[in-house]
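Asks: Handing you a structure now.
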Amino acid sequence: MKLFIIGNGFDLAHGIKSRYWDFGEYLQKNYPGFYNNLMAAINYYDGIWSDFEGDLPMCATEMESFGLQVSQERLEELDYDPMNDEGMGQWMNEKLVFINQLPEVLREWIQSVDIKKKKVYRSDLFSEEDLFLSFNYTSTLEELYKIPAEKILHIHGSVANWHEDLIMGHRSTQQIESTTRDYNNALSEFSDGASAVFQCVLEFLEKTYKDTSMIIEKNEDFFNSIYGNDIEEVVVIGSSLSNIDRPYFERIRDEGNFKWSIYYHDSGNTIISEKEKAKAMKFLETLQIPEEKRNVVSSLQILINSGKI
């Protein structure tokens with residue numbers, strides 16, 4: 001019996017447009033105001049779409065720098081009167097309206113993504129007994145591979161479940177703590193403009209924070225069931241192996257002395273593929289999986305037609 005950990009690369013292998021770049025394009029096309037507010041808040045830093053979650057703390061830094069610059073410029077205006085100032089808070093909050101809309105817009109985007117594709121993985125890859133932990137919001141496993149929904153934990157939410165928010169975010173508690181200190185210092189110095197900026201940035205960081213500890217606790221029954229179901233092997237497909245999601249891997253590791261197999265993305269480009277292979281090997285090493293329990297394999301080995309993904 002196996003536990004499969006499924007990442008976005010699984011969907012991408014089917015030609016499903018589920019990258020954050022696709023999300024950015026969706027926003028730009030369907031919600032130009034939302035997109036422009038996002039870009040304005042982070043000083044038009046387009047690079048966020050390559051790693052949206054990982055770059056959120058950097059976005060906060062951009063927002064802070066931009067907001068403090070505007071605040072300083074207003075202080076230097078000759079006719080500036082703090083008594084008549086509508087407030088930096090209002091100005092900054094106008095830039096952050098999109099944060100409250102993010103879960104709703106994220107769900108709408110995922111619902112628009114076409115998953116009516118052909119299978120690309122071998123039919124003997126999965127068995128009826130296997131369990132699945134999926135980082136994907138889509139129903140690719142259910143729709144294409146007919147995996148029963150009760151066998152799958154969509155750890156960050158599923159588009160098929162209308163009763164839960166889809167989760168995305170960063171894990172930079174250090175930046176939240178730093179911004180909190182800056183905010184308190186600004187308050188103690190009676191710096192209204194700066195405190196308004198820090199308060200807004202702090203709100204951004206807190207609302208986009210992915211509390212993995214809370215998510216694990218919420219799904220404790222699933223993690224406890226891993227040991228009870230006699231899992232022999234953990235198989236990872238399509239995961240970026242990012243530090244943001246590392247706590248889930250650690251929680252699974254703690255459930256037993258399993259064999260771990262990571263299928264790394266093999267594009268056919270030798271240099272890139274070797275880097276992906278080395279990354280997977282390093283991940284298992286730092287996860288402290290015993291060497292004899294580590295297995296790193298090309299993704300081509302599990303495709304119906306061996307070729308480029």
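The values are calculated or read from the model by the stated rules, or taken from the named source; none is laboratory data. What you are looking at is a predicted structure, and each value in this text was computed from that prediction instead of being measured. Here the Cβ is made from the backbone with ideal geometry for all residues, glycine too, and neighbour counts use every protein chain on show. To get the accessible areas, we keep the full protein, side chains included, count just its heavy atoms, and leave off ligands, DNA and RNA. Shrake-Rupley method; radii C 1.70, N 1.55, O 1.52, S 1.80 Å.
Asks: Using only protein heavy atoms and a 1.4 Å probe, report how much of residue 108 is accessible, in Å² to the nearest 10.
Replies: Its heavy atoms expose roughly 60 Å² to the probe.
Asks: Name the residue, out of 162, 21, 260, whose mean-square fluctuation peaks in a Gaussian network model built on the chain with Cα pairs under 10 Å.
Replies: Its mean-square fluctuation being the largest, the pick is 162.
Asks: Which FRET efficiency value, to the nearest 0.05, is calculated for residue 25 and residue 257 with the Förster distance at 45 angstrom and r the Cβ-Cβ distance?
Replies: 0.55
Asks: Using 0.36 nm per residue, how much length does the chain from residue 123 to residue 243 gain when fully extended, once their Cα-Cα distance is taken away?
Replies: Extra length from residue 123 to residue 243 when fully extended: 40.1 nm.
Asks: Just to be sure I understand: with springs between alpha-carbon atoms less than 10 Å apart, which residue in 188, 134, 273 has the highest mean-square fluctuation in the Gaussian network model of the chain?
Replies: Per the Cα network of the chain with a 10 Å cutoff, 188 tops the list.
Asks: Specify the residue with the greatest mean-square fluctuation among 131, 202, 287, computed from a Gaussian network of the chain linking alpha-carbon atoms under 10 Å apart.
Replies: 287
Asks: Give the long-range amide H neighbours of residue 262: residues separated by 5 or more places, or on another chain, with amide H under 5 Å away, using H modelled in the peptide plane at 1.01 Å from N.
Replies: 236, 295, 296, 297
Asks: Hey, another quick one. Using amide H atoms built 1.01 Å from N in the peptide plane, name the residues 5+ places from residue 147, or on other chains, whose amide H lies under 5 Å from its own.
Replies: Placed amide hydrogens put 142 under 5 Å from residue 147.
Asks: Let me ask another. Quick one: how many Å² of residue 152 are accessible to a 1.4 Å probe, rounded to 10?
Replies: 20
Asks: In degrees from 0 to 90, rounded to the nearest 10, what is the angle of the helix 20-30 Cα long axis to the longest principal axis of the chain?
Replies: That works out to roughly 50 degrees.
Asks: Let me know the charge dipole size of the stretch 96-171 about its Cα centre in debye, to the nearest 20, where only the beta-carbon of Lys, Arg (+1) and Asp, Glu (-1) is charged.
Replies: Value, rounded to 20: 340 debye.
Asks: Hey, another quick one. In nm, what is the difference between 0.36 nm times the number of residues separating residue 281 and residue 269 and their Cα-Cα distance?
Replies: Roughly 2.5 nm would be gained on extension.
Asks: Given the DSSP H assignment, sum -39500 (n - 2.57) over each helix run of at least 4 residues in the chain and divide by its residue total; what's the result at 222 nm in deg cm²/dmol, nearest 500?
Replies: -15000 deg cm²/dmol
Asks: Still on this structure: For the stretch 57-63, in order, what is each residue's ³J(HN,Hα) by Karplus, 6.51 cos²θ - 1.76 cosθ + 1.60 with θ = phi - 60°, in whole Hz (x at glycine and Pro)?
Replies: Values per residue, Gly and Pro as x: x, 5, 4, 4, 5, 4, 4 Hz.
Asks: Moving to a separate point now. Amide H of residue 154: which non-local residues (sequence gap of 5 or more, or other chain) have their own amide H closer than 5 Å, using H built in the peptide plane?
Replies: The answer is 134.
Asks: What lysines could a cross-link reach from residue 277, if we take a straight Cα to Cα line under 28 Å and drop same-chain neighbours fewer than 8 places away?
Replies: 2, 17, 117, 118, 119, 210, 259, 293, 308
Asks: Can you run phi through the Karplus equation (6.51, -1.76, 1.60; θ = phi - 60°) for the stretch 198-210 and list ³J(HN,Hα) in whole Hz, with x for Gly and Pro?
Replies: Coupling constants for the stretch 198-210: 4, 4, 5, 5, 4, 4, 4, 5, 6, 6, 9, 7, 9 Hz.
Asks: Quick check for me: using +1 on Lys/Arg Cβ and -1 on Asp/Glu Cβ, what's the dipole size of the stretch 154-256 about its Cα centre, in debye to the nearest 20?
Replies: So the dipole magnitude of the stretch 154-256 works out to roughly 280 debye.
Asks: So, one more: Which one, 162, 284, 295, is farthest towards the positive end of the dipole of the chain when Lys and Arg carry +1 and Asp and Glu -1 on their Cβ?
Replies: Checked the options; the winner is 295.
Asks: Could you work out the Rg to Rh ratio of the chain, with Rh taken as the Kirkwood radius (inverse of the mean 1/r over all Cα pairs)?
Replies: My calculation puts Rg/Rh at 1.04.
Asks: Mind putting a number on the dipole of the chain about its Cα centre? Charges go on the C-beta only, +1 for Lys and Arg and -1 for Asp and Glu, and I need it in Debye to the nearest 20.
Replies: 1680
Asks: At 1.4 Å probe size, with no ligands or nucleic acids counted, give the accessible surface of residue 51 in Å², nearest ten.
Replies: The accessible area of residue 51 comes to roughly 70 Å².
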